[in-house]
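The values are calculated or read from the model by the stated rules, or taken from the named source; none is laboratory data. Since the structure is predicted, the reported quantities are computational estimates derived from the model, not experimental observations. With ideal geometry, Cβ positions are generated from the backbone for all residues, glycine too; neighbour counts draw on all protein chains shown.
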């Protein structure tokens, strides 16, 4: 347990983030309560609110760290073609979701209260993950506009995410990580080779300018933070 008064605000902020991540890893988003964090770091609840505006602010920072960790692993792909890199990116996503299920789930389970705008710093982290896929579609289909590439990346990542949700959160006997990865690779190859990409430009309608939240893959009740 930490000794109060022996840490700077920046150190306390980092302690809170690490403790919050540990709670999520141990028990999921429902365990992320301000009192649990305070007990872990040996500080008062009030100390936590000295370094974060609210629990939603804290949760966004924890989610941001998860997105950064995912993006960092994605940056290691080394395929020689765009298609190979898409498969590698998908593989990284699958393994990250499988090995960090509670952290990964939290990114999609938590939603800001209505009327609260997503901060730019967080949106950039979201865009950084989508951007890894966008860059490959720019090489596969250079005729797509920026908006079309983004929509394609969202549809593509949404498909991968959906398979992950189905495989990782559904109790189906006999399935393992290899089944998950092979299913996603099949999805990727059909997406690219079965004419979907060829018709993408004509089917996509550019949307009105808007910030995009991470895709909500399934419903969940808002937890209570106290």
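Inspect all residues belonging to the range 155-164 and state whether any of them is under 30 Å from residue 20 (Cβ atoms) and at pLDDT below 85.
Yes.
Run down 55, 74, 50 and say which single residue is exposed (fewer than 15 other Cβ atoms within 10 Å of the Cβ), touching a residue at least 40 places away in the same chain (Cβ under 8 Å) and either within 20 Å of residue 131 (Cα to Cα) or in contact with a helix residue (DSSP H, G or I) (Cβ under 9 Å, 6 or more places away or on another chain) (or both).
When all the criteria are applied, what remains is 50.
Which residues, counting only those in the range 8-21, are more than 15 Å from residue 105 (Cβ to Cβ) and in contact with a helix residue (DSSP H, G or I) (Cβ under 7 Å, 6 or more places away or on another chain)?
9, 12, 13, 15, 16, 17, 19
What are the residues in the range 27-42 that are surrounded by fewer than 17 Cβ atoms within 10 Å (Cβ to Cβ), assigned to a helix (DSSP H, G or I) and either in contact (Cβ under 8 Å) with a residue 12 or more places away in the chain or touching a strand residue (DSSP E or B) at 6+ places or on another chain (Cβ under 9 Å) (or both), if any?
Answer for the range 27-42, where residues must be surrounded by fewer than 17 Cβ atoms within 10 Å (Cβ to Cβ), assigned to a helix (DSSP H, G or I) and either in contact (Cβ under 8 Å) with a residue 12 or more places away in the chain or touching a strand residue (DSSP E or B) at 6+ places or on another chain (Cβ under 9 Å) (or both): 27, 30, 35.
Does residue 184 satisfy the condition of being surrounded by 11 or more Cβ atoms within 10 Å (Cβ to Cβ), farther than 30 Å from residue 49 by Cβ, modelled with pLDDT of 55 or more and out of contact with any strand residue (DSSP E or B) (no Cβ under 7 Å at 6 or more places or on another chain)?
yes
Hey, any hits in the range 97-109 for a residue that's within 22 Å of residue 186 (Cα to Cα), buried (at least 19 other Cβ atoms within 10 Å of the Cβ) and in contact (Cβ under 8 Å) with a residue 12 or more places away in the chain? Write out each step before concluding.
Within the range 97-109, the subset within 22 Å of residue 186 (Cα to Cα) is 97-99.
So of that shortlist, the ones also buried (at least 19 other Cβ atoms within 10 Å of the Cβ) come out as 97.
Cutting the leftovers down to in contact (Cβ under 8 Å) with a residue 12 or more places away in the chain gives us 97.
Yes, that holds for at least one residue.
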